[in-house]
Each structure stands twice: as structure tokens, then as C-alpha cells.
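Scroll down for the structure; my scribbles are underneath it.
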Amino acid sequence: MLKGQRGGMLRSYALIAPMFVFLLATFLLPVGMILWRSVSDPELRTALPETAVELSSWSGRGLPPANAYAALARDLAQVDGASLASLSRRLSYENPGFRALLQSTKRKLEAAPAGTTPDLVVLDPQWGANQTWQAMKRAAGPVGVFHILSALDLRQNYETGIGPSRPGAALYRSIILRTFTIASTTAILALLLAFPLCAFLARQSDRVRNLLLLMVLLPFWTSILVRTTAWLALLQDRGVINTLLMDMGLIDQPMKLLYNRIGVITALVHVMLPFMIFPLLAAMRSIDPRLFRAALSLGATPFYAFRRVYLPQIMPGVMAGTLMVFVVTLGFYVTPMLVGGPGDQMISYYIALYTTGTLNWGLASSLGLILLVITLSLYAIQNALLRRSGVGLR
């Protein structure tokens, strides 16, 4: 019996093995490699190995010892062009002048008489500044938190501790907050629109319900790019909505419905509504309507019966739909880019920008890591609260 069970288990594992390998190769490994880039910082150690060793033992206060200057001079004399270019790009994330500093110092060292080692501070006064060497130490690698702190508008200062990267700057934190605000608003509006529709569909016959669900699915099967482009035609100043309202005499001039937060939320709710309807409708259809009627017959008011009998039973569907809409909306890129303004772009726009535009993979990966951690944390908190109330997601 045990041998037969073991054989059945092995056969089951063999059946799911191809899917597991496919998932590992196409999802888990790429995601892991991208997240690794958020802490990987190998450029300085690759280009200037001796300098990286010296900086690892330096406290970051004042100026480094003479050994660090000598190591930097030796490394710059031997580094190849490709490694120096990669290091210059990395250090330019902190100070755009680093590229010129490294290139000019290397040329001056190469032009110095043979057998001499010029004073780096004489070659360029920037080598006598603590901030220059702090930037080098932050890049000493091979792993570090520079990119993660940058994604939070923070920077490590070895003299004063972790603080704002720029005075009064909160660029990426505002982008993260904007992304979660748009996703939360979209999820709430989708729930408010889907709830009465699902309540109506749940009371219909199978034939009527299937017909109406087909109408819900029609836009769902249409390309998201086509649906977003349609909203451009509807929301523009001379579009269908503004023209209709002006012809009816309700407004005197076109309303600004495009390239702002209104246009983004409207288009996103339209795209995400089916993701809310189906789990919510499934939860409503699984409820025995006699329970609600029994509560009324026992003296409960309609609102009390709705809150204590009906709502707890559909709460798994509500939370599943809300969470699905929220998480999927977090990663939207095309819709905010087409119908939103500069202040409505979500975090995915900046991840794409740093990945394909500026090639700052470290910052792009850090933004993705922060988004992932916050999303998982919110999901865990939400599920913990629901489990405490007896309606956890399983």
C-alpha cells in the first residue's frame, strides 16, 4: 500500500515537474535576477579593485589614508576603458561630474613622468573633498543599499547617518504614494460600480445572466490599447462627452477630462471592472438567499441583516476582487501614459524609463522591490485583519 502510494506521488510530481521548471525558468529566475540588481554594486570593485579594498576599511569620516590615494592611482593607471566607463556611469548617479573627474585624472596620471606618482589632490582638488570619497565608498560593493536608499530619496552619509539625498526632495516616495493612491481609488470605484451590478445579476435567470455577462466580457476581450485610445476620443476637449454636455447647455466650455487624474481613473476603472465583477458575482451566487430572509423574519432591520448576515458571506469575494484590481492596477503603464499628465504617471513608467532609457537597472530594480514589499505587506495585513474577524482569505 505504501509502495503504491509512493508511486502515485512520484507520478503526480512527474506530471507537475514540466510546469514547475517552466515557471522557474520564465518567472522565478528572471524576477530573482532583477531583484538582485537592486543590491548588486560591482562596478567600482571590478574597475578599481585595490581602491575598493582600501575603502572597505575606511570609516568614511574625513579623508581616507594615503594608501587609498596610492591604490587609486595604481588602479586608474591599469583600468581598461570599458570598466572605467561602467564605473563612471555608476558614480554619475550621485554626481554627474564624476565621469569627467575620472577621465581627466587618468589622462594626467598617464602623462606624468615614468616612475612618479603625482599627488591626486594636486591633479584635481575634488580628490581632497570628503564627499568625493564617500561616493566612492558607497560604490565599493560588491553589494550595497545605495540603489534601495535612492529609491526612497535617501542617502547614506558616513558622518551624519542616513538622510535625504537632496534637501526637500521626495521624488520617488511621492511617486510610490501616487501609485498606491491611484490603485486604491480605482479599486474602490470598481467595487462601488460592480456591487449593484452583481447584486442584480445574481437574481437573474441563467439565460439573462449569461447574456449580460457576455456584454461585460466584450470590452474585456478588446485590446487595452484600443480601449485606452477610445477614451482619448471620448474625453478630449472636443470629444463626445464635452460636445454632448455643451449641446445640452450643461456647461459653457469644455471640461478638462484628459491628461489629468480624472482621465486616468476613468480609463483604469473601465479596464479593471471585469476583474471585480467575476469574483464578486461568484461570492453572491454562492449565498443562500433564505438566510437573509430568515434574519428579516427574526426582527432584524434590512441594514442590520445586510451588515451581519449578507456582507460577511460575500466578504471573501469583495476582498478577492479588490485585491486583484488593486495589484493589477499597480503595474499599469500604457493607460496612465496615454491619458494622464506628467503628474499622473505611475511607478511602472519610471521603472521602464530607468530600464530602457537611462539603463539604471539598480534604481529600476529597487523601485520594483519596494513596490513588491509594500504590496505583500498590505496583503498580509489585510489577510491578518480578516482572519481576526473570522473571514480570512484562504
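Put simply, the amide H of ARG155, placed in the peptide plane, has neighbours under 5 Å in GLY163, SER165, leaving out anything fewer than 5 places away on its chain.
Placing a label point 7 Å from the Cα of LEU232 along the Cα-to-Cβ direction, the residues of segment 332-348 whose backbone N falls under 16 Å of that point are 333-342. Accessible surface calculations at 1.4 Å, restricted to protein heavy atoms, place segment 283-394 at 53 Å² per residue.
No solvent, one uniform scatterer per C-alpha: report log10 I(q)/I(0) for segment 43-169 via the Debye equation at q = 0.10, 0.17, 0.19, 0.21 1/Å, two decimals. The Cα Debye sum returns log10 ratios of -0.30, -0.87, -1.09, -1.33.
For the chain, what is the calculated [θ] at 222 nm in deg cm²/dmol (nearest 500), taking -39500 (n - 2.57) for each run of four or more DSSP H residues and dividing by its residue count? Walk me through the intermediate numbers first.
Values: 21 runs with 266 residues, N = 394.
Dividing the helical sum by the residues of the chain leaves -21500 deg cm²/dmol.
With the alpha-carbon atoms of segment 1-69 aligned to their principal axes, the span from lowest to highest coordinate is 74, 26, 18 Å, starting with the largest. When the trypsin sites (Lys or Arg not before Pro) in segment 1-108 are filtered for DSSP coil states and for at most 15 other beta-carbon atoms within 10 Å of their beta-carbon, the remaining sites are ARG61. Restricting the calculation to Cα atoms, segment 172-290 yields a radius of gyration followed by a Dmax of 17.3, 52 Å. Normalised by 2.2 N^0.38 Å, with N the number of residues, the alpha-carbon radius of gyration of the chain equals 1.38.
Accessible surface of the chain, 1.4 Å probe: 68 percent of it comes from carbon and sulfur atoms.
The values are calculated or read from the model by the stated rules, or taken from the named source; none is laboratory data. Since the model is a prediction, treat every value here as computed from it, not as a measurement. Reconstructed Cβ throughout: ideal geometry from the backbone, glycine too, with neighbour counts over all protein chains shown. The protein model used for the area step is the full one, side chains on, heavy atoms only, and it has no ligands, DNA or RNA in it. Shrake-Rupley method; radii C 1.70, N 1.55, O 1.52, S 1.80 Å.
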